[in-house]
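Here's the structure we're looking at; comments come further down.
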2 protein chains.
Amino acid sequence: MQFTDAQIAEFDERGFLFLPEQFTREEIAPLRAEAERIYALDREEVWRESSGVARTAFAAHTYSEGFRRLGAHPRLVKPVMQLLDGHVYMHQYKVNAKAAFDGEVWQWHQDYGTWQRDDDMPEPRAMNIAVFLDEVTAANGPLMFIPKSHKRGVFAAGHDLQTTSYPLWTLDRATVSRLADEGGIEVPTGPPGSVVLFHGNLVHASPPNISPWDRSIVYLSLCEVSNHIRRFKRAEWIAHRDFTPIEPLDDDCLLELARQTHAAAE
Amino acid sequence: MQFTDAQIAEFDERGFLFLPEQFTREEIAPLRAEAERIYALDREEVWRESSGVARTAFAAHTYSEGFRRLGAHPRLVKPVMQLLDGHVYMHQYKVNAKAAFDGEVWQWHQDYGTWQRDDDMPEPRAMNIAVFLDEVTAANGPLMFIPKSHKRGVFAAGHDLQTTSYPLWTLDRATVSRLADEGGIEVPTGPPGSVVLFHGNLVHASPPNISPWDRSIVYLSLCEVSNHIRRFKRAEWIAHRDFTPIEPLDDDCLLELARQTHAAAE
């Protein structure tokens, strides 16, 4: 996959690209099952909501074959290499659960704001590319983006240690209001296997999931290798310290796994 | 306005009808301003979220000329008279604020469940017709409906006195999951002046509003007159005791008010 000039222009202008159905249901199914297995693990990488259900499984690519393959999938890594114009390493890897009924809010924030403040990443030459493991609808806590909000650098933020179990640098209300009045709010929804790619400075949030449907999304935070972090304050499994360039796997790497899983179950 | 046979069949099958832009922006503008005035009043009818912002203004038709007119508007009263096949009175009247950032959840519930349990309303011959005062989007705490969930009568419910400032009879998770797996979840969104009409037994909810945009909706709960409530446990301004049939006003009643307001301001 190579982005067209029109897609690159849209990304520059709006700060994100939504790419429905980049992976088939056959490719996604084993990852969905793997997410459930991981959410049940008693590991320090798996953070929980106040109710006890999983919120985020960090670094799942280091202890799950399916998520290892997804983390080096050419349909995810190559587009980001194209946009960042260089080799990339995995700065952070999250499987975010947003469980039915219990999944809690992620307040308005910029990811690069955190990477800069906590990890001393020099420039916003890093971005998230996210894969829906479930259908995302208006009902199950979808991601909300403020288009164009990536064009103003890093906004002042407060360290929110109260709202949820996970500390987050969040923007003040006046800033969010002003940005949304200018750029609007977009809520990409679509079937499992859809992908959304967004600039490290794009302001985003997601509401609680009050629906009876789970909503897992995997986030690869990819950073251009020369832009690696300088400070190692956070745990290694939150902000990785291995800056080795990712070598994209073959395009059928997930399909192969799906077929192995399927064959093993027969 | 008279519903077509197709619309009546859709209502019977799905339990709600969404009618975009039934009122013009000129008609809605004075009501939007009036809602802000009312939210700031220190009255027992105005319930507040834990943050202090308004959650619900009950009985606003009794202390606001604009909301009085809306409560007898032929575009709202006549459709419900048609569906309930008789004269109707105002059982409850709410202006629900769902304020930007602070508006809290309404858990999954059936309105008639409350009207039966608390007010001894004999039959579900009553329903809500709601008017959007703001644009409702996927981002600002939209209503979520489970189609077909009105066909099974009143479900068991627990009295939720914890989650928000307002007590509500809410459904258990297993019931919500089963109904949503069968009927799906619909999230009507649209501009100010849009109308949604739903069966008293239709299961619905709305999530917190984490967006920077307010989202007010007015709910007329209209009951067929012979089906009036028998128990007067709740405050009169929550469950009204005046069973006088509503006489619909003229179709231009809001427009007239808008023009008076406009003229007075010049």
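From the list B:A156, B:A265, B:A239, B:A258, the lone residue that is in contact (Cβ under 8 Å) with a residue 12 or more places away in the chain, open to solvent by 60 Å² or more (accessible area, probe 1.4 Å), aliphatic (A, V, I, L, M) and away from chain A (no Cβ under 14 Å) is B:A156. If the condition is being under 20 Å from A:L76 (Cα atoms) and of a type in the set (D, E), then region A:112-170 contributes A:D134, A:E135. The residue list A:A139, A:A99 contains one member that is within 14 Å of chain B (Cβ to nearest Cβ), touching a Ser or Thr at 6+ places or on another chain (Cβ under 7 Å) and assigned to a loop (DSSP other than H, G, I, E, B), which is A:A139.
A:H204 falls short of the stated requirement of being at pLDDT below 95 and either closer than 28 Å to B:T163 by Cα or within 14 Å of chain B (Cβ to nearest Cβ) (or both).
Out of curiosity, is A:R231 free of Cβ contacts under 8 Å to residues at least 60 places away in the same chain and open to solvent by 60 Å² or more (accessible area, probe 1.4 Å)? Criteria not met by A:R231. Considering region B:1-47, the residues that are under 16 Å from the mean Cα position of the chain (by Cα) and of a type in the set (G, A, S) include one that is farthest from B:N201 (Cα to Cα), namely B:A35. None of A:E44, A:E49 is more than 29 Å from A:T4 (Cβ to Cβ), open to solvent by less than 30 Å² (accessible area, probe 1.4 Å) and acidic (D, E) except A:E49. Mind checking whether some residue in region B:56-72 is acidic (D, E), in contact with a helix residue (DSSP H, G or I) (Cβ under 9 Å, 6 or more places away or on another chain) and crowded, with 18+ Cβ neighbours inside 10 Å? Among the residues of region B:56-72, not one is acidic (D, E), in contact with a helix residue (DSSP H, G or I) (Cβ under 9 Å, 6 or more places away or on another chain) and crowded, with 18+ Cβ neighbours inside 10 Å, which makes the answer no. Can you tell me which residue is farthest from the other protein chains (Cβ to nearest Cβ) among those in region B:102-136 that are open to solvent by less than 10 Å² (accessible area, probe 1.4 Å) and part of a loop (DSSP other than H, G, I, E, B)? Per the stated criteria, the residue is B:M121. Checking each residue in region B:159-182 for being more than 9 Å from every other protein chain (Cβ to nearest Cβ), touching a Phe, Trp or Tyr at 6+ places or on another chain (Cβ under 9 Å) and at pLDDT 95 or above picks out only B:T175.
Only one of A:S149, A:S165 is in contact (Cβ under 8 Å) with a residue 40 or more places away in the chain and buried (at least 21 other Cβ atoms within 10 Å of the Cβ); which? Before the answer, list the steps.
Working: A:S165 fails: buried (at least 21 other Cβ atoms within 10 Å of the Cβ).
After ruling out the rest, the residue left standing is A:S149.
Applying the selection to region A:158-177, what residues are in a loop (DSSP other than H, G, I, E, B), among the aliphatic types (A, V, I, L, M) and under 20 Å from the mean Cα position of the chain (by Cα)? Correct list: A:L171 only.
The values are calculated or read from the model by the stated rules, or taken from the named source; none is laboratory data. This one's a predicted model, so the numbers in the text were calculated from it and none came from an experiment. Quick reminder, even Gly has a Cβ in these numbers, built from the backbone with ideal geometry, and neighbours come from all protein chains shown. Please note that ligands, DNA and RNA were not included when accessible areas were found on the heavy atoms of the full protein model with its side chains. Shrake-Rupley method; radii C 1.70, N 1.55, O 1.52, S 1.80 Å.
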